[in-house]
Every structure is written in C-alpha cells, then in structure tokens.
Amino acid sequence: MGGMWINWPFSNTTQGWIELIFTIPVLFYAGWFLMVRGWNSFKTWNLNMFSLIALGTGVAFIFSIISLLFPSILPHELLHGGKLPLYFESVCVIITLVILGQMMEALAHQKTGKAIEELMNLSPDTANLVVNDIEKKVVLDEVKIGDILRVKPGEKIPVDGRIMEGYSSIDESMITGEPIPVEKQIQDKVTSGTINKNGTFLMKAEKVGNDTLLSQIIKMVNDASRSRAPIQNLTDKVARIFVPTVIFVSILTFIIWYFFGGENNVTYALVNAIAVLIIACPCALGLATPMSLVV
C-alpha cells in the first residue's frame with residue numbers, strides 16, 4: 001500500500017511480483033487456518049464469518065495472479081493510473097485483521113485460565129479439624145458438613161460456614177473487593193478463601209467441596225470461558241444469511257455485466273463480481289467479535 005504515498009523506483013510488473021512474494025507467507029502460512037475453516041464451512045454448508053473471508057481473499061488472490069501473468073487480457077479502463085488491478089494488499093490486510101482478532105480472543109481465554117488458577121489458589125489445601133477437643137490437620141477433601149474447624153490468625157478459611165466460638169476480623173477483599181477487614185462474631189458467616197487476620201475461632205462447616213462460594217465462582221468463570229458468547233451465535237446466524245446473499249449478488253453482478261457490459265463484457269463482469277466478494281469480506285467482524293469477548 002506504500003504506492004499510495006511513494007513512487008516506487010521499479011515497474012508495475014516488478015511491484016506486482018514483490019507484492020505476490022510478500023502475500024504468499026501471509027496467505028499460505030499465517031492465514032492458512034482461516035482458509036481451512038472457510039473450506040470446511042462450505043463442505044458442511046455451515047456458513048460463518050470464515051466462509052466469506054476464505055472466499056473473498058481466495059478469489060482476490062487468484063484474480064491478482066491472473067492479472068499479473070496475463071495483463072494483456074485486461075482492458076485499459078481497468079488499469080489504475082496505468083497500474084495493474086492487483087488486490088494482494090487487500091488479501092494481506094483482511095487476513096492480518098482477522099488474525100489479530102483471533103489473537104485477542106486467545107489472549108482473553110489465556111487470561112481467564114490464569115484467573116481460574118489464581119482463584120483455585122485462594123482455597124487452602126488443609127484444615128484444622130477439631131474432634132472431642134482434639135485438633136488434627138486434615139486434607140480439605142476430608143472435611144464434611146457439620147465438622148468443627150479451628151482457624152488461626154493468618155490462615156485462609158477452608159470452607160463456607162458459621163463461627164461457633166471466638167471472634168476475629170476477616171479479609172474478604174478477594175470476594176467482595178472491600179479492602180477493610182470485616183469484624184466477625186459468633187453466628188456470623190465466613191467464606192472459603194478469605195483470610196483470618198488476628199483472632200482464633202471455631203467454625204462449623206456448612207458448605208464443602210463444589211458447594212462453597214469460591215468453588216461456584218471458579219465454576220462460573222470456567223463455564224464462561226468455555227461457552228460461546230451471544231455475539232458469536234448472532235454472528236453465525238447473520239453469516240448463514242449474509243454469505244449466500246453475497247454470493248448471489250456476486251453472481252447477479254456477473255450476469256448483468258455480462259449481458260450489458262458492452263465491449264470486454266466478460267472481463268468487466270468478472271472484475272465486478274470479484275469486487276463484490278472482496279468488499280463484502282467481513283474483516284470488521286473479525287475484530288468486533290473477539291473484542292466483544294475480551295470485554
């Protein structure tokens with residue numbers, strides 16, 4: 001695209017070959033997975049955003065190669081200031097934008113995975129179980145509903161429950177976001193993963209395992225990262241109608257130009273049909289949907 005601002009010191013044909021060389025790794029290496037997705041969508045007729053991306057960039061690439069190899073078949077009206085009508089830069093820009101969107105989506109999922117790990121680390125591995133006034137340290141999985149647990153200063157509360165004896169201040173910032181510790185007394189509820197600040201107390205376990213608030217939060221975040229966002233489902237629904245419509249408009253454009261295009265009607269028909277496919281290529285969706293996921 002530098003030719004828009006710079007007069008290159010080489011011929012149009014040489015510039016075309018240079019653009020082709022730069023386009024090949026973008027299309028056949030970095031963006032090949034997009035072409036595969038598009039091809040699979042046409043095979044199963046489960047049309048989506050990648051269908052138009054593969055179709056538009058593929059057709060633009062093939063037409064540009066034909067223009068580069070056989071410039072004599074093009075009428076002079078199609079030359080842009082004497083330059084060949086090449087769309088190599090369009091192919092690269094569309095693929096780059098879509099890959100950028102895919103990368104943003106992957107980073108969002110990666111951050112979610114790290115967030116889940118941090119949430120899991122909030123819960124302690126062991127608890128102080130009190131049976132007949134005898135305290136013993138047990139693995140968290142062994143704690144059952146109704147067990148009496150002792151929580152000492154600086155320890156994390158192992159399960160959800162209620163204070164039965166003693167009092168303390170609890171740092172609940174990891175759950176509520178409130179940085180000031182909350183004073184807790186007998187019969188007050190305490191939540192797993194929060195931190196006991198200064199006092200020692202006995203608590204009765206009311207929710208253990210996957211029923212604790214912390215476990216429910218982890219499950220919700222995990223489910224959210226795995227599930228499809230509503231915007232993705234909406235995009236696919238639109239694409240199922242949009243893709244066949246674009247193909248139909250492209251074919252209709254070819255037919256109209258073929259019969260009413262006058263001299264060089266075949267070339268005009270082909271160029272304008274390809275233009276429809278390139279313009280309709282949803283590169284904006286390639287960024288919009290991942291950005292929605294990131295949010």
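Restricting the first member to region 220-247 and to residues that are assigned to a helix (DSSP H, G or I), and the second to residues that are at pLDDT 75 or above and open to solvent by 70 Å² or more (accessible area, probe 1.4 Å), the beta-carbon pairs closer than 7 Å and six or more apart or on different chains are Ser225/His109.
The number of residues in region 22-75 being in a helix (DSSP H, G or I) and either over 30 Å from the mean Cα position of the chain (by Cα) or of a type in the set (Lys, Arg) (or both) comes to 12. Scanning region 131-153 for residues that are assigned to a loop (DSSP other than H, G, I, E, B) and touching a helix residue (DSSP H, G or I) at 6+ places or on another chain (Cβ under 9 Å) yields Val143, Ile145.
Take the residues in region 156-187 that are within 42 Å of the chain's Cα centre (by Cα), β-branched (Val, Ile, Thr) and in a strand (DSSP E or B), then tell me which one is surrounded by the fewest Cβ atoms within 10 Å (Cβ to Cβ). Selected residue: Val182.
Quick one: which residue in Phe22, Phe70, Phe61, Phe28 is touching a Ser or Thr at 6+ places or on another chain (Cβ under 8 Å) and of a type in the set (Phe, Trp, Tyr)?
Numbers: Phe22 fails: touching a Ser or Thr at 6+ places or on another chain (Cβ under 8 Å); Phe70 fails: touching a Ser or Thr at 6+ places or on another chain (Cβ under 8 Å); Phe28 fails: touching a Ser or Thr at 6+ places or on another chain (Cβ under 8 Å).
Unique residue meeting the criteria: Phe61.
Per the conditions (1) open to solvent by less than 30 Å² (accessible area, probe 1.4 Å); (2) assigned to a helix (DSSP H, G or I), the sole criterion not satisfied by Leu100 is (1).
Among the residues making up region 1-23, those that are aliphatic (A, V, I, L, M) and over 22 Å from Ala280 (Cα atoms) are Met4, Ile6, Ile18, Leu20, Ile21. Going by what's in this entry, would Asp223 be described as charged (D, E, K, R), open to solvent by 40 Å² or more (accessible area, probe 1.4 Å), modelled with pLDDT under 85 and under 30 Å from Ile170 (Cα atoms)? In short, yes. Could you go through region 81-96 and let me know if any residue there is within 19 Å of the chain's Cα centre (by Cα), open to solvent by less than 30 Å² (accessible area, probe 1.4 Å), closer than 23 Å to Ile18 by Cα and hydrophobic (A, V, I, L, M, F, W, C). Scanning region 81-96 turns up at least one residue that is within 19 Å of the chain's Cα centre (by Cα), open to solvent by less than 30 Å² (accessible area, probe 1.4 Å), closer than 23 Å to Ile18 by Cα and hydrophobic (A, V, I, L, M, F, W, C). Looking across Ile256, Ile274, one residue alone is open to solvent by less than 40 Å² (accessible area, probe 1.4 Å) and farther than 30 Å from Val130 by Cα. It is Ile274. Close contacts from region 115-129, counting a first residue that is over 15 Å from Pro158 (Cβ atoms) and open to solvent by less than 60 Å² (accessible area, probe 1.4 Å) and a second that is among the small types (Gly, Ala, Ser) and in a helix (DSSP H, G or I), with Cβ to Cβ under 9 Å and a gap of 6+ residues or different chains, come to Ala115/Ser225; Ile116/Ser225. Just one of the listed residues (Leu27, Leu52) is at pLDDT below 95, within 19 Å of Gln232 (Cβ to Cβ) and open to solvent by less than 30 Å² (accessible area, probe 1.4 Å), and it is Leu52.
Selection of region 213-261 for residues being more than 29 Å from His109 (Cα to Cα) and of a type in the set (Ser, Thr, Tyr) yields Thr245, Ser250, Thr253, Tyr258.
Checking the structure you have, find out if any residue of region 259-271 is among the aliphatic types (A, V, I, L, M), more than 27 Å from Ser90 (Cα to Cα) and open to solvent by less than 80 Å² (accessible area, probe 1.4 Å). Even if it seems obvious, please write down each step before you answer.
Residues of region 259-271 among the aliphatic types (A, V, I, L, M): 266, 269-271.
Subsequent filtering for residues that are more than 27 Å from Ser90 (Cα to Cα) retains none.
No.
Within region 192-206, does at least one residue satisfy the condition of being over 30 Å from Thr289 (Cβ atoms), open to solvent by 90 Å² or more (accessible area, probe 1.4 Å) and either in contact (Cβ under 8 Å) with a residue 40 or more places away in the chain or of a type outside the set (Phe, Trp, Tyr) (or both)?
Yes, the conditions are met somewhere in region 192-206.
The values are calculated or read from the model by the stated rules, or taken from the named source; none is laboratory data. Remember, it's a predicted structure, so these values are computed and weren't measured experimentally. Every residue, glycine as well, gets a Cβ built from its backbone with ideal geometry; the counts of neighbours run over all protein chains shown. Please note that ligands, DNA and RNA were not included when accessible areas were found on the heavy atoms of the full protein model with its side chains. Shrake-Rupley method; radii C 1.70, N 1.55, O 1.52, S 1.80 Å.
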